[in-house]
Amino acid sequence: MRLRNIPRAGSVLDACKEVVKDETEYRGRWREIFGNPRPIHIEIGMGKGQFLLTLAAKNPDINYIGIERYSSVLLRAVERFQSEGGSAKIPAQGKLPDDHAPADKPGISNIRFICMDARNVPDVFAPGEIDRIYLNFSDPWPKSRHASRRLTSKEFLARYHKILSDGGAIEFKTDNRALFDFSVTEVLESPFFVMDRHTFDLHRDTVMNQGNIMTEYEEKFSSLGNPICKLIATTHKTAFSCIYSIEEIMS
Ligand SMILES: C[S@@+](CC[C@H](N)C(=O)[O-])C[C@H]1O[C@@H](n2cnc3c(N)ncnc32)[C@H](O)[C@@H]1O
C-alpha cells in the first residue's frame, strides 16, 4: 500500500471517539468499552476498512476492533466509517470512560479502531479476551530474514494465542501463494493452533466462500484473475491434539 503523510490524520483520529488512543489501559476491560459482554473480533492490518465496516454492519451482536499500523491508512477507514454514519451509542448499562462515550446520532456502535503495531497485541488484550482474528492480504515480507515480521509467522501465532479464547480462531486470506504456503506450514508446526479448513481458490470453494466479504486488495487481485487462498486455524490448549492434527493432515 502506498503511504503518504496526510497532515490531517492526527487531528481527525484524535477527534474520533471510536479511535481508542490509550489502548493498553483497556487490557482486560474491552467489553466495558463496548458496554456489553459480546464476543470481540479484531482485524489486524485493516487498511481502508471495507472488510471490517461491512462485517460490523452485518453482525451487530459482535464487537469489532480494527488495528492498523499507519495513521494515514487508518484515516481512510475512519473517514469511511464517518461517511457511512458510524457513531458509537452509549449502552444503557455501560460504564464507559468519557473519552469513548457516545454519540449524538445512531449508527454502527460495535466497532472501534486502534493505531498500533500488531506485535504489541499481548500488551493491549488480556488472555482469552479476543474470539477471532482476521488477517487479510498481509504484507508478504519476501526476504527470509524478515520472516518473523509476517503476520502469520510463528512469532505472531504465539502472540495471537496469548489473547485468543479457547477455541478462538484466526482467518487468513491472501493471493500470495508463497506467503500462504509459509502460513500453512507455520500453523501445522504451531503448538498453539490446529488447521481447521483451507482452500487455494476461495471464490470457487462453495463452502468456504459462503458469506465471504471482499477486502479492497481481494477485489483488486481477484479482478486480475489471481486465485485467493484462505485458511482458518483454531486454538487448542494441549500438545497432544497438535501432534494428532499434524499426523491427520499429513496422512
Ligand atoms: C497489503 S495491506 C491490506 C489491507 C486490507 N487488509 C485489504 O485486504 O485490503 C496490509 C495492511 O496491513 C498493515 N500492517 C502491516 N503490518 C502491520 C502490523 N504489524 N501491525 C498493524 N498493521 C499492519 C499495513 O499498514 C497495511 O495497511
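The numbers here are math on the coordinates, done by the rules we state, and not lab data. Here the structure is a predicted model, which means the values were calculated and not measured. Cβ atoms come from the backbone with ideal geometry, glycine included; neighbour counts cover every protein chain shown.
When the trypsin sites (Lys or Arg not before Pro) in region 107-167 are filtered for DSSP coil states and for at most 14 other beta-carbon atoms within 10 Å of their beta-carbon, the remaining sites are 143. As a rough footprinting exposure proxy, the listed residues 215, 174 were ranked by other beta carbons within 10 Å of their own, and the order from fewest upward is 215, 174. Summarised as an ellipsoid, region 1-43 has semi-axes of 26, 13, 9 Å, derived from the eigenvalues of the Cα gyration tensor scaled by 5 and square-rooted, with the largest first. Geometric descriptor of region 1-83, per residue, is 100 Å³ (volume of the convex hull of the Cα atoms). Beta bridges assigned by DSSP with both partners in region 98-230 are antiparallel in approximately 35 percent of cases. Of the two radii for region 154-208, the radius of gyration is 0.97 times the Kirkwood radius, both from the alpha carbons; that is the Rg over Rh value. Only lysine pairs 8 or more places apart, or on different chains, with alpha-carbon atoms under 22 angstrom apart are counted in region 113-223, and they number 6.
Our coupling estimate for region 9-16, obtained by passing each phi through the Karplus curve with A = 6.51, B = -1.76, C = 1.60 and θ = phi - 60°, is 3, x, 6, 5, 5, 4, 7, 8 Hz, Gly and Pro reported as x.
Panel order for 55, 224, by other beta carbons found within 10 Å of each beta carbon, from fewest to most: 224, 55. Between amide H atoms placed 1.01 Å from N, distances below 5 Å from residue 175 occur with 229, all of them 5 or more places distant or on a separate chain.
Dividing the C-alpha radius of gyration of region 127-251 by 2.2 N^0.38 Å, with N its residue count, gives 1.04. For residue 19, the residues whose modelled amide H falls within less than 5 Å of its own, excluding neighbours fewer than 5 places apart on the same chain, are 113. Fewest neighbouring Cβ atoms within 10 Å first, the residues 234, 185 line up as 185, 234.
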